[in-house]
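Some notes on the structure that comes next.
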Amino acid sequence: MGVEKLSLLSTTNLAVLAQANNKCSSRKHVCWRSSTTPFHLQRKPISWSVLCGFMLFGLGLISLLTGHMASDLEWYSHRRSLYSTMDGSYRAPIDVWKSQYSKYYYGCSVRGRAYAPAVPEWMSNGYLLIGTSGGLNQQRTGITDAVVVARILNATLVVPELDHHSYWKDDSDFIHIFDVDWFISYLAKDVTIVKRVPDKFMRSMEKPPYTMRVPRKSEPDYYLDQVLPILLRRQVVQLTKFDYRLANNLDNELQKLRCRVNFHALRFTKPIQELGQIIVMRMQKMARRFIAVHLRFEPDMLAFSGCYFGGGEKERRELGEIRKRWTTLPALGFSKDTYLYVASGEVYGGEETMQPLRDLFPNIYTKEMLAEEELKPFLPFSSRLAAIDYIVCDESDVFVTNNNGNMAKILAGRRRYMGHKRTIRPNAKKLSTILAGRHQMDWDTFAKKVKSCQRGFMGEPDEMRPGRGEFHEFPSSCVCKRPYVDEELSKEVYRSPKLVAINLTAKAYSSSNGIRRGRT
């Protein structure tokens, strides 16, 4: 727009100067002030050659300014092209194994300089007891938020109690799943944590601990207004069914505390870690890289879904025909010889339910297949088995989930924090439409549509704007861009064959206009 205006201006100036030229010509090439001007103020006549010189100088100046603006606009357009790959507007082919931008980001949850130290036990406002709820990963969110709530209340946190009464009926305690000593020591600068309320203190209490349940997604002000007064009065408060009881958006320092708890302090016990790593190494020994699939197809999930999954003879016949034609999964580009690790509890329907997936990917393994003997001590404890699956999924090259449950969210957030390892979540809304019309298209069309609808669901750094989405899944406050990202990103883009033209133009511009070389 600026170039057009300047071009128009130069044309107008040219017309005005031409009119002046005509008038001067009719007066024998001499221009005078009004004859009423006193003689001593009259100027000497301006010759035609001098006037033409001024005209040429003016036109040259306008041209110079216009050229510089055009060059600036050209430079900024190139810069936008460099960054278009980051915001998703450049439709480069998706690498199904790794995001090419993952190396530009890293997890950052260090305390700020003004961060106050933890309040000592004897100076705190009282003891906070927490009763978590649900399965392992749901309880993990409760433990994470319990630490933050203790920080908000200046309370001493008692190691949280795990849920023994949920669907899974696992009687494991905190010390059976997490390294409790590491948990306490790692968070010592954030919150004072003890294993139990001192017996001496409990005996001196006139009443048993006050028990209450706070609303879901409560703001910090709620805890200060409703919980703190009771804590100060009773000295011990127990919060029950503690899962997702803290607001999603918090102060930046509190968000970073969430990350320190979830991604660093909650370390599994040594037996769980060792078995998890054994399974990872056995997968890596068979294949250079592998996919972990979180197959949430267990009886409790199906009961809540309200769907019928029998299918009958018609479904088996249709799927059989599809498998004959579609020998790769495909649509995203994973070949039939890809190795899959399936993380799951008791699959509804057993092997019969798994057979369609096994037909597509013969190299399917589970923890039961890879560590039959080593796994036996863990079999009675569903949470410990879930912890092993968590480790293998976290170490996988690609993590795929067919749901948006707690494990899927927690692992997606961790993998983002650990450098945006590839995490794929099917875009169920769009995929359902494509699958419904699969009979009306050939394989190539189907694959193209699947790849298109999966953009934005592949674990790329720019999939969600900061501050949006569930924090446990999108921990934006704890993900930082490396300081040299501009320079490195430019190099990556220049290496792209489809952007050679931009590269060459930018180099030509740099060599012809030295004043721009300092810009990145």
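The values are calculated or read from the model by the stated rules, or taken from the named source; none is laboratory data. These figures come from a predicted structure and were not determined experimentally. Using ideal geometry, Cβ is built from the backbone for each residue, glycine included, and neighbour counts are taken over all protein chains shown. Just so you know, the surface numbers come from the protein's heavy atoms only, side chains and all, with ligands and any DNA or RNA stripped out. Shrake-Rupley method; radii C 1.70, N 1.55, O 1.52, S 1.80 Å.
Numbers at a glance
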item: Residue in region 422-436 that is farther than 21 Å from residue 396 by Cβ, touching a residue at least 24 places away in the same chain (Cβ under 8 Å) and part of a helix (DSSP H, G or I) present; result: no
item: Selection from region 275-289 of residues that are in a helix (DSSP H, G or I) and loosely packed, with under 13 Cβ neighbours inside 10 Å; result: 281, 285, 286
item: Test: residue 371 is touching a Leu at 6+ places or on another chain (Cβ under 7 Å) and open to solvent by less than 10 Å² (accessible area, probe 1.4 Å); result: yes
item: Residues (over 14 Å from residue 197 (Cβ atoms) and open to solvent by 40 Å² or more (accessible area, probe 1.4 Å)) located in region 230-239; result: 232, 233
item: Set 146, 150, 114: member being assigned to a helix (DSSP H, G or I), hydrophobic (A, V, I, L, M, F, W, C) and either more than 24 Å from residue 404 (Cα to Cα) or open to solvent by 10 Å² or more (accessible area, probe 1.4 Å) (or both); result: 150
item: Filtered residue count, region 153-191, keeping only those that are at pLDDT 95 or above, surrounded by fewer than 20 Cβ atoms within 10 Å (Cβ to Cβ) and of a type in the set (Phe, Trp, Tyr); result: 3
item: Condition check for residue 268: modelled with pLDDT under 95, aromatic (Phe, Trp, Tyr) and surrounded by 14 or more Cβ atoms within 10 Å (Cβ to Cβ); result: no
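The rows are residues; the columns are (1) at pLDDT 55 or above; (2) open to solvent by less than 40 Å² (accessible area, probe 1.4 Å); (3) assigned by the TED database to the domain that holds residue 145; (4) within 29 Å of residue 108 (Cβ to Cβ).
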{"residue": "431", "(1), (2), (3), (4)": "yes, yes, no, no"}
{"residue": "438", "(1), (2), (3), (4)": "yes, no, no, no"}
{"residue": "464", "(1), (2), (3), (4)": "yes, no, no, yes"}
{"residue": "468", "(1), (2), (3), (4)": "yes, no, no, yes"}
{"residue": "487", "(1), (2), (3), (4)": "yes, no, no, yes"}
{"residue": "495", "(1), (2), (3), (4)": "no, no, no, yes"}
{"residue": "512", "(1), (2), (3), (4)": "no, no, no, no"}
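Residues are listed down the side, and each one gets a yes or a no for (1) assigned by the TED database to the domain that holds residue 242; (2) touching a helix residue (DSSP H, G or I) at 6+ places or on another chain (Cβ under 7 Å); (3) of a type outside the set (D, E, K, R):
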{"residue": "96", "(1), (2), (3)": "no, no, yes"}
{"residue": "99", "(1), (2), (3)": "no, no, yes"}
{"residue": "110", "(1), (2), (3)": "no, no, yes"}
{"residue": "142", "(1), (2), (3)": "yes, no, yes"}
{"residue": "150", "(1), (2), (3)": "yes, no, yes"}
{"residue": "160", "(1), (2), (3)": "yes, yes, yes"}
